[in-house]
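Below: the structure, in structure tokens.
The values are calculated or read from the model by the stated rules, or taken from the named source; none is laboratory data. A quick note: this is a predicted structure, and the numbers were derived from the prediction, not measured. Here the Cβ is made from the backbone with ideal geometry for all residues, glycine too, and neighbour counts use every protein chain on show. Each accessible area value is taken on the protein alone, full model and side chains, heavy atoms only, with ligands, DNA and RNA left out. Shrake-Rupley method; radii C 1.70, N 1.55, O 1.52, S 1.80 Å.
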Amino acid sequence: MENINLNKVWEDCKVQNRKAQSQLYHYFSKKMHLVCMRYAHTSLEADDIMQNGFVKVFTKHHLFDGKGSLEGWIKRIMINTAIETHRKNKLNYAEALNEDQHMKLVSQLGADQTSYKDLLAIIQMLPVGYKTIFNLYAIEGYTHKEIADLLGISEGNSKSQLSRARQWLQQKLIKLELK
């Protein structure tokens, strides 16, 4: 789908054209599912977050002012929807890591290489609170102040959770290299 076609599809989405909504959904669904997976426990939870996010895209289309990219705006909605989902489920962003929750990661590569998919799999193993803060800071580029405002926590809590997430990830990467 070309950029001009994407603009036309978006204009049609704004007047509730179901075919255009389907086209936009299919155009962005893979990318947005990956975004949602970074914040979800499971693929099914990511599916739910993405569905709810697209409902917001189609019902709140008037909030996109055309400044910036449509993809960036949709991505922000997906992230905010994931955070709202966790708030509804009363997720504690100061949760402790439970060392009894061991998950095995089988690397498809030798010990001297770690692939992108392996890294994502390791990040997926983080408890949701740590994973959310790690993703917002390290991947999405939010500041600790922005994270604190989004999640309703202190900046210090955000920094502490990020530090703990990094330590946990570092330990997992060292274990992976030793295998």
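Going residue by residue through region 33-56, is there one that turns out to be surrounded by fewer than 14 Cβ atoms within 10 Å (Cβ to Cβ) and farther than 25 Å from LYS117 by Cβ? So far as region 33-56 goes, yes, one or more of its residues are surrounded by fewer than 14 Cβ atoms within 10 Å (Cβ to Cβ) and farther than 25 Å from LYS117 by Cβ.
May I ask you to list the residues in region 57-68 that are open to solvent by 70 Å² or more (accessible area, probe 1.4 Å) and not aliphatic (A, V, I, L, M)?
Pass one, region 57-68, residues open to solvent by 70 Å² or more (accessible area, probe 1.4 Å): 59-60, 62-63, 65, 67.
Residues satisfying the conditions are THR59, LYS60, HIS62, ASP65, LYS67.
Of all residues in region 93-122, which are open to solvent by less than 30 Å² (accessible area, probe 1.4 Å), modelled with pLDDT under 80 and assigned to a helix (DSSP H, G or I)?
Within region 93-122, the subset open to solvent by less than 30 Å² (accessible area, probe 1.4 Å) is 93, 118, 122.
Okay, now just the ones that are also modelled with pLDDT under 80, so 93, 118.
Correct list: ASP118 only.
Within the set PHE28, PHE54, PHE58, the sole residue that is at pLDDT 95 or above and under 23 Å from ILE123 (Cα atoms) turns out to be PHE28. Residue check: is ASN135 farther than 21 Å from LEU120 by Cα and not β-branched (Val, Ile, Thr)? No.
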